[in-house]
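What follows is one structure encoded as structure tokens, with my remarks underneath.
The values are calculated or read from the model by the stated rules, or taken from the named source; none is laboratory data. Keep in mind it's a predicted model, so treat the numbers as computed, not measured. Reconstructed Cβ throughout: ideal geometry from the backbone, glycine too, with neighbour counts over all protein chains shown. Only protein heavy atoms, including side chains, enter the accessible area calculation; ligands, DNA and RNA are left aside. Shrake-Rupley method; radii C 1.70, N 1.55, O 1.52, S 1.80 Å.
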Amino acid sequence: MLLVNICVLVSAIITPPSLWWLYSTHIALLCLYQILSQNWRGLTFIGFSLIALVYAGVWSDVGIAPKHKKALWVEQAQCYIVDTPLVRPDVLAIQNNVRLYVEPCLHRHYSSEVKTPIKLIVSAHHGGWLARYAYSKAIGAVSYIPDEIDLRSTDSSSFNLYFEQFTSWRYSLSLVKGDKALWDERDKWLINYLGLTHLFVVSGLHVGFVCILALFMSKFAWRMFIKCGFASTINITSRRWCDLVLATLFSVVYASWSGAGEPVIRASVMAFLFLVLRALYRYRASFDILALCAWGMLLLWPGRVLDASYWLSFGFVLLLVWGIKKTPKYGRFFFIQCLLSVFALLLTWGWQSSISSLTIIANLIMIPFVAFIWFPTTLIAAVEFSLFNHSAIYTVLDYVLVAVYGYLAWAIEAFPEIMLSSPAWLGQKALLVVLAYLAIVWLPASRGKLMLAGVFMLLVSKMFSTPYNYKVSNDHGRIAVEQSGVYGTQRGDVFDPRTTTVIEHSSKLPNQIIKQDWSVVITSNDRNTIELLKALSVATIILQDDEHLLVYLDHDRYSVRSSACLNLLNLLKTDGCEHAEILESVLN
């Protein structure tokens, strides 16, 4: 029944307005079936789901709110000014690695302060990907703040001033709090290249680390009580309740300290339910517990359906539970880690251009190192500083981390990279998902291992392929160009594919076009730039927000692929296919 209610909520979000009549018909038939079968509990659950949808305004926001709104950013107050208020006033301001939730400037006047015009992408579950992202986070809009504005909040507390003197603190801060404000582009590339991103995003994995620490402390306290002569009053039930209390307390404290992010809340709820049922000796299927948590989170905000992290949290926890049940006792950790790494490659393929050949080995080493050394030691060091105003523990840890960083830098240069073919074909990804599902269902039988071997062989066959020469994408309204083998990304308003020239500002276009005689250029959907190019009689390829072009060179001939191309037997072609064909003809 919980799975049915999840489907009711999911289908309400993803159903386009033109098919709402079909959705309402199915809901009416489902309610009639529950009434005729006298399943009043199921009917009550469906009623709760429909109330949550109505409260979230799923059927009232479409077509009313504009896609974009102009606003003024007040840097000193870290707030925004808008003419008409948003339905949900919170706005996510993004600038490189900094993400800040801000509110409107209410009941105050900032006439003497500098105001910078910004664009708000209003949340909508049937809009562009930025609008859908805002809707999934239950906020009013998303805005990308220009680089000339300092968005970083200056934290001059003694805690940060002390720990920022350590070289490794920028990684430790991201590890325990998810704050990447101190990272540069090389740090981002290094972590993505090694496949360790999940360790530096506060998620359910970190809640697992906290719970492991709490269970170790509970076990230590339990043994100390026994040694002190309290064995007659302590039994296994008391031990389980002690595990529940300590794990809950640690999870709540860590969630509040790290910012109470949604992944942490999800994982804390799942851990709490598991430990409560364990203490009460009420054993239920893991799938039922996960389904209850998933339905409860969707009741609070159905827009989470559009959040990728929501599905990743429950999907990988379910995969972890299944893996523990279906793998042998000896070598279980190694097998599960390899299994998770292979499934993670399904997500990486088509999104990341290359990864290190040490990805699986790096995860096998770093996950236990983070769980048992780095993460708890950093937390203990923070407690030590709060008590004694210094931390000798972190001084030793910093020395170890710097040495580990040196070995990683050597390994990156010593071992080759694995090129991921991109973009991935939809049929190939579907085949991989089917094979992976059958492998999980059939393990540990031989046919399950055969399906898993098929997944691995198909991934390997696509890994070592010809990389693209360069990738052109629409990065938040600016054209971003990534060249294969070149570190960093070029950004600008216009890109010339023949000379691979990026123009940072459209004001420099006339002189550049006259010098190089451009015939076709790639730009974003900025109205001023498009009108200027039209006045200069230059053909344009306008990339949409969720589109990127990949250019390959093979035997002196270029081929272009678009992420937004859908070709149905040459009868139905999207604009992405037309963009790829135009660029391919120009380059050849």
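Restricting to the range 195-211, what's the tally of residues that are part of a helix (DSSP H, G or I), under 19 Å from SER356 (Cβ atoms) and open to solvent by less than 10 Å² (accessible area, probe 1.4 Å)?
The total comes to 2.
Residue-wise test of (1) at pLDDT 85 or above; (2) in a loop (DSSP other than H, G, I, E, B); (3) within 26 Å of SER258 (Cβ to Cβ).
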site: VAL305; (1), (2), (3): yes, no, yes
site: GLY315; (1), (2), (3): no, no, yes
site: LEU318; (1), (2), (3): no, no, yes
site: VAL321; (1), (2), (3): no, no, yes
site: SER341; (1), (2), (3): no, no, yes
site: ILE355; (1), (2), (3): no, no, no
site: LEU364; (1), (2), (3): no, no, yes
site: THR377; (1), (2), (3): yes, no, yes
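Among the residues of the range 381-392, are any in contact with a helix residue (DSSP H, G or I) (Cβ under 8 Å, 6 or more places away or on another chain) and among the β-branched types (Val, Ile, Thr)?
no
I want to confirm something. Restricting to the range 480-495 and keeping residues that are modelled with pLDDT under 70 and not hydroxyl-bearing (Ser, Thr, Tyr), which single residue is surrounded by the most Cβ atoms within 10 Å (Cβ to Cβ)?
GLN483
Might you let me know whether the range 60-68 holds any residue that is open to solvent by 90 Å² or more (accessible area, probe 1.4 Å), in contact with a strand residue (DSSP E or B) (Cβ under 7 Å, 6 or more places away or on another chain) and not hydrophobic (A, V, I, L, M, F, W, C)?
Yes - at least one qualifying residue is present in the range 60-68.
If the Cβ limit is 8 Å and pairs must be 6+ apart or interchain, which residue in the range 149-163 that is at pLDDT 65 or above and open to solvent by less than 90 Å² (accessible area, probe 1.4 Å) pairs with which residue that is of a type in the set (Asp, Glu) and assigned to a loop (DSSP other than H, G, I, E, B)?
Pairs found: ILE149/GLU75; ASP150/GLU75.
Check the range 240-259 and report whether any residue there is part of a helix (DSSP H, G or I), modelled with pLDDT under 80 and open to solvent by less than 60 Å² (accessible area, probe 1.4 Å).
no
Report, by residue number, each residue of the range 277-288 that is among the hydrophobic types (A, V, I, L, M, F, W, C), closer than 28 Å to ALA308 by Cα and in a helix (DSSP H, G or I).
Result: PHE287, single match.
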